1. I'd like the full set of residues that are free of Cβ contacts under 8 Å to residues at least 12 places away in the same chain and farther than 20 Å from residue 51 by Cβ, limited to the range 402-427.
2. If only one of 346, 367 is in a helix (DSSP H, G or I) and at pLDDT 95 or above, which one is it?
3. Return yes or no: is residue 106 surrounded by 24 or more Cβ atoms within 10 Å (Cβ to Cβ), in contact with a helix residue (DSSP H, G or I) (Cβ under 9 Å, 6 or more places away or on another chain) and more than 24 Å from residue 407 (Cα to Cα)?
4. Only residues that are closer than 14 Å to residue 248 by Cβ, touching a helix residue (DSSP H, G or I) at 6+ places or on another chain (Cβ under 6 Å) and more than 10 Å from the ligand (Cβ to nearest atom): list them for the range 304-341, please.
5. Check the range 126-134 and report whether any residue there is within 24 Å of residue 38 (Cβ to Cβ), assigned to a helix (DSSP H, G or I) and modelled with pLDDT of 95 or more.
6. Taking the residues in the range 162-180 that are farther than 19 Å from residue 23 by Cβ and crowded, with 17+ Cβ neighbours inside 10 Å as candidates, determine which candidate is nearest to the ligand (Cβ to nearest atom).
7. Within the range 210-240, can you find the residues that are under 17 Å from residue 21 (Cβ atoms) and either surrounded by 20 or more Cβ atoms within 10 Å (Cβ to Cβ) or in contact with a strand residue (DSSP E or B) (Cβ under 8 Å, 6 or more places away or on another chain) (or both)?
8. When you look at residue 154, is it more than 9 Å from the ligand (Cβ to nearest atom) and within 27 Å of the chain's Cα centre (by Cα), yes or no?
Ligand code: EPZ
């Protein structure tokens, strides 16, 4: 299995192009199941999770053409997805277990074909992550749902019917599944306490381009008027705000100066606010933003993860690394997932001073981290250890790189091009 070796201490300077968002690409690809027309998606990132979703869709019978790069200066992939009228409606355990987002095929399959059999994803390294809100809300649209042999068996003998759904808690995937299902339900569906993440808005905008009728995009109340049929469309995936935030932290933590292109500052408002509090300079540019730290040491700040537009849980581990080398004490409280501090023991092995009390971590800044062999348990933990390695004295070897490859496109190339001493060791 590959590993990544980093020799820390180089300030990063130069320019990094931000890829399309993984967490927008996956539901957008699933949305192709809603129509027999061709959905052409561009700015798709080169990531293992995108390939896994493509594999799942191909297994269901979707024709996928890969048209190479989109041109226009960005490196995104372009897929044409065409879901004919006779598809298999079973998402098997072997694929769902590899990637929880596979569960996003449930809503569209059910809405278009009246039946879906999708393996239950099970827990993962960051928490139990049930899909009960998805299932309860689909039942409110009239689906019969049964759980059998580890699979969700959903059917709608009479088709789906619009309903007023109030999510008990903000759920990104739940909102996406229901949004897709409701586009083909009869009558009006209201999704209240809906997720407002930019990836949800991206999906809604694409569905509108496919002929769906949706009001309230970007708000916590989505109103969908069901239509008989959707058609194909051309759509470009929103830039990845978590990749943007991760490289902003890389600039800050190394005392560097990075120009992040192909992205937008408004996507990372909550992250930028904390970075500015910590002493980082951020300025908006036509094609992205510039992030630098020129003025002395970083300052600690308190952070609480929340649904968008709050501080994203997917940036929690990266911000913790920044706080680990900032002046003073910081507190980070994780409110979305119950087990998302698995990076803490690894950071402590690199010399960080962090104590976890329930859902909060107290971080007392240290002068310098020191390189060490480390191991990551999930995607965001992996990038946080890379960031720690960039700031640390000496050599860090990150093992279990496959987590990183699920969500960061060519991370070592992008960092090396800006002066990082980093390389992948292939095995
Ligand atoms: C999405 O996961 C993202 N994944 C996650 O990104 C992200 O961390 C998360 O949203 C929160 O922002 C994708 O978009 C593919 P949720 P999702 O449903 O949709 C609980 C990354 O690193 N819940 O908003 O699975 C759940 O357990 C990943 O890129 C239920 O209890 O998240 C969690 O505590 C990791 N029942 C909370 O809600 C349900 O039916 C939020 O989960 C659904 C969710």
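1. Initially, the range 402-427 is screened for residues free of Cβ contacts under 8 Å to residues at least 12 places away in the same chain, giving 413, 416.
Result: 416, single match.
2. The match here is 346.
3. When the stated conditions are applied, residue 106 does not pass them.
4. Correct list: 311, 318, 321, 322.
5. Just the residues of the range 126-134 that are within 24 Å of residue 38 (Cβ to Cβ), to begin with: none.
The answer is no, given that none of the residues of the range 126-134 is within 24 Å of residue 38 (Cβ to Cβ), assigned to a helix (DSSP H, G or I) and modelled with pLDDT of 95 or more.
6. Once the filter is applied, the top-ranked residue is 165.
7. Once the filter is applied, which keeps residues that are under 17 Å from residue 21 (Cβ atoms) and either surrounded by 20 or more Cβ atoms within 10 Å (Cβ to Cβ) or in contact with a strand residue (DSSP E or B) (Cβ under 8 Å, 6 or more places away or on another chain) (or both), the range 210-240 yields 235, 236, 237, 238, 239, 240.
8. It is true that residue 154 is more than 9 Å from the ligand (Cβ to nearest atom) and within 27 Å of the chain's Cα centre (by Cα).
The values are calculated or read from the model by the stated rules, or taken from the named source; none is laboratory data. Bear in mind the structure is a predicted one, so any value in this text is a computation, not a measurement. A quick note on method: Cβ atoms are made from the backbone with ideal geometry, for glycine too, and the neighbour counts reach across all protein chains shown.
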